[in-house]
Amino acid sequence: MNDNPNAVAMNSKDFMKWSTEVIDDVLRATQAKKVLDKLMLPFWNWSQRNSMYPLHFGLACCALEMAASSGPRWDAERLGIIYRSSPRQCDVLLLNGWISKKVRPALRRLYEQMPAPKWVIAMGECSISGGPWYDCYNVVQGADTFLPVDIYIPGCPPRPEALIDGFLKLQQKIKAEAKGPFLED
Amino acid sequence: MAEITACSGNLTGLEIADALSKRFAEGIKINSASPKRIFSQVDKEIFLELCKFLKNDLLFDHASLVSGVDRIDRIQAVFHITSYINNCCLIEIVVDLDHEEPEIDSITPLWEGANYHERETYDMMGIVFKGHPDMRRIFLPEDTRFYPQRKDFKLKEVP
């Protein structure tokens, strides 16, 4: 694309790219981006931490605790923890169970498919360090070897209260991160 | 073919063992036979022929187990084949194989249910089943270079 493009002569893809860049430049030059970030931050942050949508992806037996925590007795949905079945609709990747070497590429792919901002929770001994499968030939020794894990929930398996507590810890973390809608510092 | 009803067949294990030793003069050794169980040791050469005989003439209709044992000097393939028609009789077939290159004929063309069992045995023990439609690893990733259930497999050497 040349420096002085003619908007009429561009195809739609080029036009989208060009217009996005122009808007971004204007927002940056006029400090509007920072102002918007500051203004929107409290509301944005509040909505982020009260609508943490984890991916509904059961790896192993901890998935039963995941199910129990969203059942009527513990009811994680009152905290905005709603399990979605598509990574495109998720904020949190909840790793519940041992990660075999065969599922590792799939997990990494799911993580990449999730839109930012995104967080990872390692639930249970297996996804933290391999757990009972420490030194096993087919189990990844800890999820943090290939994913940036934010919250570790120990237990084998952790009780639903512990899982919900982990989500509350993640809420605190989101609050402390304090990222605005543009996700820039 | 007789009507398939569980435990209402007519041949007992002893009669089946007799029929087997009549049909195959060499290569089969029946260790013990009782009305519902036959334990046998079979040579690799006559294995497929024996399985065909079991299926077509003695009406064995269910391969319930395919597995392997590492005896350090040799590798054994173990098959459990049962017949719902013949009094629920189960025949255990043990085949000795070479430790370096364990190869045996596949029974998947005869009993389709053996498909995943054979793939798992290949995955864990390294026994290659000739004639299998899809001889790949099933649990471990494709690029795995070891067979974890062999005795000489050292856990610490896994990369």
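The values are calculated or read from the model by the stated rules, or taken from the named source; none is laboratory data. Quick caveat: nothing in here was measured; it's all calculated off a predicted structure. Virtual Cβ from ideal backbone geometry, glycine too; neighbours counted across all protein chains shown.
Listed values, structure above:
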| quantity | calculated |
| --- | --- |
| Segments classed as strands (runs of 3 or more DSSP E), wholly inside the range B:24-98, with at least 3 members that are among the acidic types (Asp, Glu), on the phi < 0 side of the Ramachandran plot and under 16 Å from the mean Cα position of the chain (by Cα) | B:89-98 |
| Some residue of the range B:1-8 being buried (at least 17 other Cβ atoms within 10 Å of the Cβ) and either at pLDDT 90 or above or farther than 27 Å from B:Ile75 by Cα (or both) | no |
| Cross-chain or 6+ apart pairs with Cβ under 8 Å, the range A:60-75 first and surrounded by 18 or more Cβ atoms within 10 Å (Cβ to Cβ), then among the hydroxyl-bearing types (Ser, Thr, Tyr) | A:Cys62/A:Ser127; A:Met66/A:Tyr83; A:Ser70/A:Tyr83 |
| Condition check for B:Gly13: crowded, with 18+ Cβ neighbours inside 10 Å, at pLDDT below 90 and more than 20 Å from B:Ala114 (Cβ to Cβ) | yes |
| Test: residue in the range A:119-135 that is surrounded by fewer than 13 Cβ atoms within 10 Å (Cβ to Cβ) and of a type in the set (Gly, Ala, Ser) | no |
| Residues (polar (S, T, N, Q) and within 11 Å of chain A (Cβ to nearest Cβ)) located in the range B:120-159 | B:Thr144, B:Gln149 |
| Leading residue by the ranking (farthest from the other protein chains (Cβ to nearest Cβ)) among those in the range A:136-161 that are free of Cβ contacts under 8 Å to residues at least 60 places away in the same chain and out of contact with any helix residue (DSSP H, G or I) (no Cβ under 7 Å at 6 or more places or on another chain) | A:Pro148 |
| Qualifying residue in the range B:136-155 (condition: in a loop (DSSP other than H, G, I, E, B) and farther than 28 Å from A:Trp133 by Cα) | no |
